[in-house]
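Report on the following structure.
Nothing in this text is a laboratory measurement; each read-out follows from the coordinates by a stated rule. The structure displayed is predicted, hence computed values, not measured ones. FYI the Cβ positions are ideal-geometry reconstructions off the backbone, even for glycines, and counts take in every protein chain you see.
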Amino acid sequence: MKIEGSRVLITGGARRVGRTIVEHLAALGAHVFIHYNSSETEANSLVEALRCRGYQADCVQADFDQPERIEEFVSTLPPIDVLVNNASIFPRTPLKEVTLAQWRNILDVNLTAPVLLAVRLGAMMKTRGAGVIINLTDCGVHRPYPNYLPYLVSKGGLETATLVLAQELAPQVRVAAIAPGTVLPPPEISPAILDAIKNRSLLRRVGHPQDIAGAVAFVIENEFVTGCTLTIDGGTTIS
């Protein structure tokens with residue numbers, strides 16, 4: 001699918017990696033729809049900045065902690081050609097401290113909401129005859145790390161959903177996942193831990209948001225990509 005002239009919904013698109021994806025696709029000619037939950041100021045600022053550069057951009061709000069409202073959210077959208085399920089939460093949850101409320105919250109936001117969104121928008125894309133869905137997962141699904149059980153389960157479920165959706169929506173709609181490694185580590189991370197993360201990568205570095213944005217563009221434009229996970233982790237998974 002050509003990016004230029006397409007309508008792309010990027011969930012969690014106001015901040016961090018999502019923002020870079022938005023900026024990259026807008027620069028390639030997409031009309032970007034920036035979903036946000038609480039980052040209204042950042043979303044509006046990004047829309048204004050993109051429009052000042054001559055790009056097409058709008059923002060839309062939805063709380064994915066309430067997946068039962070996905071249907072209502074979808075009804076407010078124009079026809080969407082590409083869905084990028086980027087929004088997620090990443091709370092630290094040591095095994096002994098996991099509660100049912102935490103479990104439900106993390107899976108609602110990271111798995112239930114994006115899958116329901118993909119199902120609804122995917123059905124519309126299939127009826128129109130074309131579409132692309134990209135799910136952002138995590139390379140930790142295949143090399144898990146401690147203290148993030150609900151998060152990693154949610155991302156593993158999203159990777160499985162990618163395979164099922166690719167089968168169900170073919171051949172009109174392509175569905176793929178992108179599994180980043182460490183990108184934009186939190187500023188409070190210690191130098192020792194950051195060095196350890198870099199040393200686990202074959203490339204001896206962490207990722208840049210542009211690495212992920214470029215991968216998203218690749219999946220959108222490559223008409224023979226579906227039903228797979230593209231791992232962008234600098235070789236961490238196999239090191």
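Across every pair of different alpha-carbon atoms, what Kirkwood hydrodynamic radius in Å does the chain reach?
Numbers: mean 1/r = 0.0554 Å⁻¹.
The answer is 18.1 Å.
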Checklist entry - How big is the stretch 1-87 by Rg and Dmax over its Cα atoms, in Å? => result 12.0, 36
Checklist entry - Going by how many other Cβ atoms sit within 10 Å of their own, how do M124, M1 line up, fewest first? => result M124, M1
Next on the checklist: For V183, what residues show an amide H to amide H distance below 5 Å, using hydrogens built from the backbone and excluding near sequence neighbours?
Outcome noted: G207
Checklist entry - Per-residue HN-Hα couplings for the stretch 116-130, Karplus 6.51 cos²θ - 1.76 cosθ + 1.60 at θ = phi - 60°, whole Hz, x for Gly and Pro? => result 4, 5, 5, 5, 5, 5, x, 5, 5, 4, 4, 5, 6, x, 6
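For n ≥ 4 DSSP H runs only, could you compute -39500 (n - 2.57) per run for the chain, divide by its residues and tell me the 222 nm figure to the nearest 500? Write out the running numbers ahead of the final one.
Details: 8 runs with 99 residues, N = 239.
Taken over the chain, the calculation gives -13000 deg cm²/dmol.
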Next on the checklist: If N is the number of residues in the stretch 130-219, what value comes out of its Cα radius of gyration divided by 2.2 N^0.38 Å?
Outcome noted: 1.25
Checklist entry - So how do T127, T162, T237 line up by other beta-carbon neighbours within 10 Å, fewest first? => result T127, T237, T162
Checklist outcome for this item: Here the stretch 88-98 yields Karplus 3J(HN,Hα) values (6.51, -1.76, 1.60; θ = phi - 60°; whole Hz; Gly and Pro given as x) of 6, 10, 9, x, 6, 9, x, 3, 6, 9, 5
Checklist entry - So what are the ³J(HN,Hα) numbers for the stretch 165-173, from phi and the Karplus equation (6.51, -1.76, 1.60; θ = phi - 60°), rounded to whole Hz, Gly and Pro as x? => result 5, 4, 5, 5, 9, 5, x, 6, 10
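Write out the trypsin sites (Lys or Arg not before Pro) in the stretch 16-61 meeting two conditions: DSSP loop, and at most 11 other Cβ atoms within 10 Å of their Cβ. Kindly include the intermediate steps, with their values, before the conclusion.
Values: sites: R16, R19, R51, R53; in loops: R53.
Passing both the DSSP loop test and the Cβ count: R53.
Which GluC sites (Glu not before Pro) in the stretch 1-58 sit in a loop by DSSP (not H, G, I, E or B) and have at most 11 other Cβ atoms within 10 Å of their own Cβ? Please report the intermediate quantities before stating the final value.
Details: sites: E4, E23, E40, E42, E48; in loops: E4.
Counting only loop positions with at most 11 other Cβ atoms within 10 Å, the GluC sites (Glu not before Pro) in the stretch 1-58 are E4.
If you rank T11, T112 by fewest surrounding Cβ atoms within 10 Å, what's the result? Mind showing how you got there, number by number?
Numbers: T11 24, T112 20.
Arranged by neighbour count, lowest to highest, T11, T112 become T112, T11.
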